[in-house]
1. Condition first: touching a strand residue (DSSP E or B) at 6+ places or on another chain (Cβ under 9 Å), touching a residue at least 24 places away in the same chain (Cβ under 8 Å) and part of a strand (DSSP E or B). Can you find one or more residues in segment 163-173 that meet it?
2. Mind telling me which of the residues Gln159, Gln223 ends up being farther than 25 Å from Gln268 by Cα, touching a helix residue (DSSP H, G or I) at 6+ places or on another chain (Cβ under 8 Å) and surrounded by fewer than 17 Cβ atoms within 10 Å (Cβ to Cβ)?
3. I'd like to verify a number: residues in segment 205-220 that are crowded, with 19+ Cβ neighbours inside 10 Å and either within 18 Å of the chain's Cα centre (by Cα) or not hydroxyl-bearing (Ser, Thr, Tyr) (or both), how many?
4. Given the structure, is Val203 touching a Gly at 6+ places or on another chain (Cβ under 8 Å), hydrophobic (A, V, I, L, M, F, W, C) and under 29 Å from Pro224 (Cβ atoms)?
5. Return the residues of segment 15-55 that are of a type in the set (Ser, Thr, Tyr), more than 26 Å from Lys291 (Cα to Cα) and in contact (Cβ under 8 Å) with a residue 24 or more places away in the chain; say none if nothing qualifies.
6. Within segment 232-249, which residues are of a type in the set (Gly, Ala, Ser) and on the phi < 0 side of the Ramachandran plot?
7. Given (1) modelled with pLDDT of 95 or more; (2) more than 16 Å from the chain's Cα centre (by Cα), identify the lone condition not met by Ser124.
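The values are calculated or read from the model by the stated rules, or taken from the named source; none is laboratory data. Just so we're clear, the structure is a prediction, and the values are computed from it rather than from any experiment. Neighbour counts run over all protein chains shown; Cβ positions are idealised from the backbone, glycine included.
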Amino acid sequence: MAKFKVFIDGNEGTTGLELQRRLERHEHVELLQIDQSLRKDTDERRRLINSADVVFLCLPDAAAVEAVSLVENDAVRVIDASTAHRVAPGWDYGLPELSAAHRARIAGSHRIANPGCHATGFISIVYPLVAMGIASRDYPFTCHSITGYSGGGKKMIAQYGDAARPATYDSPRQYGLGGSHKHLPEMQTVTGIAMPPVFNPIVCDFYSGMAVSVPLHTSLLAQPVTVSQLRDSFAQYYTGQRLISVAPVGGDTPDGTIAANELAGTCQLRLYVVGNDALITVVSVFDNLGKGASGAAVQNMNICLGLDECTSLM
């Protein structure tokens, strides 16, 4: 089988470096490399972009928009890891497990928007709740999301690695205090909910991993459910998915805790349904660099190229 030519535009950042590492061991990929001295040369980037079967954009939003404008070859498939196109018309949202329709659109797409990390956790919980009719679109959702510091990119990684860092870095730190965050538009748009969630992102002193929690008052749900019923509903919804699983009630938490970094280094996502029949919390645990970034990008590439979706991910 001939190899697909793949170019990463912006492989100097955390996502780009992790993506390159995954693709270097991908049996069906030939990576097109740019000379480092020409990394910002528009003509050389244009040449490589139009020579590729798949182009990954690991760039700031404005640069990602500019990179798309360089595409002249209609056959090129673009997978954008930035925020720029996640709710843009003409772009397909790259979370194939949400529905058969999502997967089919990705398979035939030439423009795929890779999901944001926090958004992946929230949407993996809320989209099924709404799709199954368990929660109405106007349910007042709240989301608490704990992430490792690699999600902040090279600058934040350097800050956490600095021996002279402030003592406050030893503690979890909540941010996005103004109630706005770049993931909120996709969290609302993709799930179809009436208003954005109250969102509390928190960065902690560990490298990678995430735990995204959505608390629920069962009395406010469109279809009140017990913990066991809700767990079974999620398990049925994600039946057959190879990268998303649902933990049994009371299972996989032997010490009564859920660790945000338990799936670090993998491309898996695991849902936990915990609490009691009045107050339930659904927790999505995954790696912010895996299913939350580069792993998801490779999965989307595999699907749109007709390959096994887990190639180079397991």
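1. Checked segment 163-173: at least one residue is touching a strand residue (DSSP E or B) at 6+ places or on another chain (Cβ under 9 Å), touching a residue at least 24 places away in the same chain (Cβ under 8 Å) and part of a strand (DSSP E or B).
2. Values: Gln223 fails: touching a helix residue (DSSP H, G or I) at 6+ places or on another chain (Cβ under 8 Å).
Being farther than 25 Å from Gln268 by Cα, touching a helix residue (DSSP H, G or I) at 6+ places or on another chain (Cβ under 8 Å) and surrounded by fewer than 17 Cβ atoms within 10 Å (Cβ to Cβ) holds for just one of Gln159, Gln223, which is Gln159.
3. The total comes to 8.
4. Values: touching a Gly at 6+ places or on another chain (Cβ under 8 Å): yes; hydrophobic (A, V, I, L, M, F, W, C): yes; under 29 Å from Pro224 (Cβ atoms): no.
The answer is no for Val203.
5. Within segment 15-55, Thr42, Ser51 meet the criteria.
6. Within segment 232-249, the subset of a type in the set (Gly, Ala, Ser) is 233, 235, 240, 245, 247.
Result: Ser233, Ala235, Ser245, Ala247.
7. (2)
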